[in-house]
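I have placed the structure first, in the form of structure tokens, so that the comments after it can refer back to it.
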Amino acid sequence: MRTALRAVTISAGVTGVLTGAVFVGRHLVIRRRAGGMERLAEAIPVNSAFWRAQRRKTGDHLYVAIGDSAAQGIGASRPNHSYVGLLARSIRRHTGGTLRVVNLAQSGARVREALEQLPALARLNPDIMTVSIGANDVGEFDPERFEREIRELYAALPEFAIVADLPSFYYGDAERKVRVANEIVHRVAGELGLVVAPLHRITRARTAARTALRDVAADFFHPNDRGYAVWASAFEPLVAERLRAIEKRADARPTEEPQARA
């Protein structure tokens, strides 16, 4: 009887310790997330200023990006550690030349805000273009509106634009909405002849536990440097394919005949 009572007491003590640890751990996570959100909010004007400065530069090629805070690099240690910055670095390395980057992304943008960037896009003549938008539409997801807006956006893109499906939200109602959105993305892109970067598949391959520990920033939502490298890997093969097409087109141009001397 005394042994059984001691076992019950020990069990209750262990349960109490575990419960307390869970409570403390949850409290620390909430505090860290709140602090992380505040720090990342402060990065928005810094990252925006960085990309505005990039627009003023010149280059042998032009890379245009449309997106949201992920394209701006919120959560990265530096703005150019976003997937857009990593792709720009890859393009420069591949071509051996200079590159101008025009990042039209807006933090918090949904597809409807991306549509507002189309007049700016019409004034540009990009060689490479990526579009990753739609994650911010998941909160108040309306499939009909999403398809209508994504179709309008995609129809205005150059035929070589690389569009991404939405990243994985891993579980719950949000992931269910993402899967519906991605069915729309793939169907509309297919109808319009656009290639799709498999962002969902590549982020889904990272388990939720591993992502929480290694691939996300302090707000537990935006990618960190490691996470943005994962995002860039979804685009890189398609960007390389586009660069090969540009090189092939350049090689096919006829060389000018030297003018005969008088």
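Checking the stated criteria, ALA229 turns out not to satisfy the condition of being at pLDDT 95 or above, within 27 Å of ILE44 (Cα to Cα) and touching a Pro at 6+ places or on another chain (Cβ under 6 Å). Residue pairs whose Cβ atoms lie under 8 Å apart, separated by 6 or more positions or on different chains, with the first residue in the stretch 199-217 and within 23 Å of ARG78 (Cα to Cα) and the second assigned to a helix (DSSP H, G or I) and modelled with pLDDT under 75, are THR203/THR211; ALA217/GLY36; ALA217/LEU40.
Residue check: is ALA70 outside any loop (DSSP other than H, G, I, E, B) and within 13 Å of SER132 (Cα to Cα)? Spelling it out, ALA70 is indeed outside any loop (DSSP other than H, G, I, E, B) and within 13 Å of SER132 (Cα to Cα). Just so you know, in the stretch 203-214 the residues that are surrounded by fewer than 19 Cβ atoms within 10 Å (Cβ to Cβ) and part of a helix (DSSP H, G or I) include one that is modelled with the highest pLDDT, and it is ARG204.
Considering each of TYR154, TYR170 in turn, give the residue that is of a type in the set (Ser, Thr, Tyr) and either on the phi > 0 side of the Ramachandran plot or touching a Pro at 6+ places or on another chain (Cβ under 6 Å) (or both). Break it down into steps so the answer makes sense when it comes.
Working: TYR154 fails: either on the phi > 0 side of the Ramachandran plot or touching a Pro at 6+ places or on another chain (Cβ under 6 Å) (or both).
Result of the check over TYR154, TYR170: TYR170.
Quick grid of which residues meet (1) among the acidic types (Asp, Glu); (2) modelled with pLDDT of 95 or more; (3) loosely packed, with under 15 Cβ neighbours inside 10 Å:
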residue: ASP68; (1), (2), (3): yes, yes, no
residue: GLN72; (1), (2), (3): no, yes, no
residue: SER82; (1), (2), (3): no, yes, no
residue: ASP127; (1), (2), (3): yes, yes, no
residue: ILE133; (1), (2), (3): no, yes, no
residue: PRO143; (1), (2), (3): no, yes, yes
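The residues in the stretch 149-174 that are surrounded by 16 or more Cβ atoms within 10 Å (Cβ to Cβ), modelled with pLDDT of 95 or more and not aliphatic (A, V, I, L, M) can be counted, and the count is 6.
The values are calculated or read from the model by the stated rules, or taken from the named source; none is laboratory data. Worth saying up front: this structure is predicted, and the values here are computed from it rather than measured. Here the Cβ is made from the backbone with ideal geometry for all residues, glycine too, and neighbour counts use every protein chain on show.
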